[in-house]
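Below is one structure, written out as structure tokens, with a few remarks after it.
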Amino acid sequence: MVSKTLQRKITEQPSRYNHLERMSVGELLQHINDEDRLVAEAVNKTLPQIEALVEAIEPRMKRGGRLFYVGAGTSGRLGVLDASELPPTFGVSEEWVVGIIAGGDQALRHSIEKAEDVAEYGWRDLEAFHPKADDVVIGIAASGTTPYVIGAIEQAKEHGLLTGCITSNPDTPLAAVADYPIETIVGPEFVTGSSRMKSGTAQKMVLNMISTSLMIRMGRVRGNRMVKMQLKNAKLVDRGTRMLQEFLGLDYAEAQRRLLDAGSVDRALSAEHVMDMIEDSDC
């Protein structure tokens, strides 16, 4: 029997479209795109909640706190993805923002869906990182009912940590326990119940907003440039070289030499007057 709770979930309501198997490829793509247009509107409505969460996280991170994302399935993978992109993009430690997924790293490639059903496992996985008072935990669950995520948020609050959440349903158990709930109500999925679609897109957008805003506020961007990015490959070395060319008026070879000697754009632009010039520019 389907529970009443399940029936109330917007993420489980029937798609606005039917007989998908009869549609042409063009029709499928158009309708998926039409539904995706609704995501940005749903996220826009949550901007005040996202702002409040970011402003609450910032002072904690400046005191040495860390940010943890906790999720299961698609939600967990998106949290791990966002966290893993920050070190190369902004030159931060891998320990600064951490993604935790039910079932561990193996669940990134292989479905381990039952791992999300045990509430105690969420806090157990967080405890491995020895949480501290200034740490922040954001639970990610489209349904807002995932025991693994709810358990992690409940225990995090009991231990004095700041908590937030991202969900695609209103008035969920997860939102009820989080200090800063963010509810992106994107409506029924194109394929009924497939929250990897609009719900996942909304989660990705919100995570990008949270982490990018925090990195900027933490001084990891100058002007609009990722001056602390890690020089992990030829593309990033080339990007950094062109930054130095633009800011210092150097030829390519000299700019690249300075970049590689310094190890980052930020260090190569260590002179205070150069940094002021970048901050005041419109580029």
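The values are calculated or read from the model by the stated rules, or taken from the named source; none is laboratory data. Computed from a predicted structure; not experimentally measured. Counting neighbours? That spans all protein chains shown, and the Cβs are built from the backbone with ideal geometry, glycine included. The protein model used for the area step is the full one, side chains on, heavy atoms only, and it has no ligands, DNA or RNA in it. Shrake-Rupley method; radii C 1.70, N 1.55, O 1.52, S 1.80 Å.
A few remarks follow.
- Between the helical axis of 73-90 and the longest alpha-carbon principal axis of the chain there is an angle of about 10 degrees.
- Working note: Karplus 6.51/-1.76/1.60 with θ = phi - 60° gives the stretch 91-104 the couplings x, 9, 5, 5, 8, 6, 10, 10, x, 10, 10, 4, x, x Hz, where Gly and Pro are set to x.
- Probe 1.4 Å, accessible area per residue of the stretch 15-57, Å²: 65
- 0 to 90° range, to nearest 10: angle between helix 234-248 axis and the chain longest Cα axis: 50
- Close amide-amide hydrogen proximity is noted between Gly139 and Val70, Gly164, Cys165, Ile166, each under 5 Å apart and 5 or more residues distant or on a separate chain (H modeled in the peptide plane; Pro and chain starts excluded).
- Rounded Å value of the spacing that divides the Cα centres of the stretch 202-242 and the stretch 46-72: 17
- Options Thr184, Ser143, Tyr252, ranked by Cα towards positive dipole end of the stretch 138-272, top entry (Cβ charges): Tyr252
- Accessible surface of the stretch 55-160, 1.4 Å probe, proportion on carbon and sulfur as whole %: 48
- Under-5 Å amide H pairs with Val98, H placed in peptide plane, nonlocal only: Leu67, Phe68, Tyr69
- Net charge contributed by nearby residues that have their C-beta within less than 14 Å of Asp261 (K/R +1, D/E -1): +1
- Average accessible area per residue (Å²) across the stretch 124-279 - probe 1.4 Å, nucleic acids and ligands excluded: 44
- Loop trypsin sites (Lys or Arg not before Pro), the stretch 191-226 (other Cβ atoms within 10 Å of the site Cβ: 11 or fewer; DSSP): none
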